[in-house]
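For reference, the structure discussed in these notes is given below.
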Amino acid sequence: MSAVAPQLFPSDIAREICNSALVSAMDSAKQAQGIITGLLAAQENRQLLQKCQVLNKKTIESLSSAADNLKSINVDTMVEELYEAGYAAQSCQSIIQGTDDFSVLANENSYVIKFCEISIVAGEFYLTLSYLEKKL
């Protein structure tokens, strides 16, 4: 007897893409957190970094909440949390814009923002596909 793989629906694939992007966003946000900590120890311009530290904490909290909402299939709330996470990361980007000393942090924040965008699109696609699959 051979094992039969469970049938995957398009919504399952969209949900997995959403989850993968969300996990990647969280990994990048945690990387940014470490970068901020390192820069705070070595920089004179602590005020900008402290603002980014607060925003990074908000990013991580929002991503964690978004992951919980995806697990409970509360996609609308998850999307809101992802927007908040991306907005917080973008706010840090605005604060450090034009500061060469923070280019590594800027790169990591850009990853957070892009992964949030991917997760939002995949989450909305998942929601639409789930609805359509139920109609079939």
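Overview of values
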| read-out | value |
| --- | --- |
| Karplus-derived HN-Hα couplings along the stretch 112-121 (A = 6.51, B = -1.76, C = 1.60, θ = phi - 60°), whole Hz, x at Gly and Pro | 4, 4, 5, 5, 5, 4, 4, 5, 4, 4 |
| Furthest towards positive pole of dipole, Ala122, Gln7, Val79, structure part the chain, Cβ charges | Gln7 |
| Translational diffusion of the chain, µm² s⁻¹ [Kirkwood Rh, Cα pairs; Stokes-Einstein; 20 °C; 1.002 mPa s] | 136 |
| Qualifying GluC sites (Glu not before Pro) in the stretch 43-136, DSSP loop, other Cβ atoms within 10 Å at most 13 | Glu44 |
| Computed FRET value (nearest 0.05) for Lys135 with Ile95, which takes r as the C-beta separation and R₀ as 41 Å | 0.35 |
| Mean separation of Cα contacts under 8 Å, 6 or more apart, over the residue count of the stretch 3-91: relative contact order % | 27 |
| Nearest 10 degrees, 0 to 90: helix 10-42 Cα axis against the chain principal axis | 10 |
| Per residue, in Å², the accessible surface of the stretch 28-136 once ligands and nucleic acids are set aside, probe 1.4 Å | 58 |
| Relative contact order of the stretch 25-136, pairs being alpha-carbon contacts under 8 Å that are 6 or more residues apart, as % | 32 |
| Top of Gln50, Gln93, Gln33 by mean-square fluctuation, Gaussian network on the chain, Cα under 10 Å | Gln50 |
| All aspartates and glutamates inside 18 Å of Lys58 as judged from Cα atoms, apart from same-chain residues fewer than 8 positions distant | Asp27, Asp68, Glu80, Glu81, Glu84, Glu108, Glu117 |
| Probe 1.4 Å - accessible area at Phe125, Å² to nearest ten | 120 |
| Radius of gyration, Dmax [the stretch 23-101; alpha carbons; angstrom] | 13.6, 44 |
| The chain, accessible surface, carbon-and-sulfur percent (1.4 angstrom probe) | 56 |
| Flagged links, alpha-carbon separation over 30 Å, of Lys51/Lys114; Lys71/Lys135; Lys57/Lys134; Lys71/Lys134 | Lys57/Lys134 |
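The values are calculated or read from the model by the stated rules, or taken from the named source; none is laboratory data. Every value quoted in this text rests on a predicted model; they were computed, and no experiment measured them. With ideal geometry, Cβ positions are generated from the backbone for all residues, glycine too; neighbour counts draw on all protein chains shown. Note: accessible area is taken over every heavy atom of the protein model, side chains too, but ligands, DNA and RNA are not part of it. Shrake-Rupley method; radii C 1.70, N 1.55, O 1.52, S 1.80 Å.
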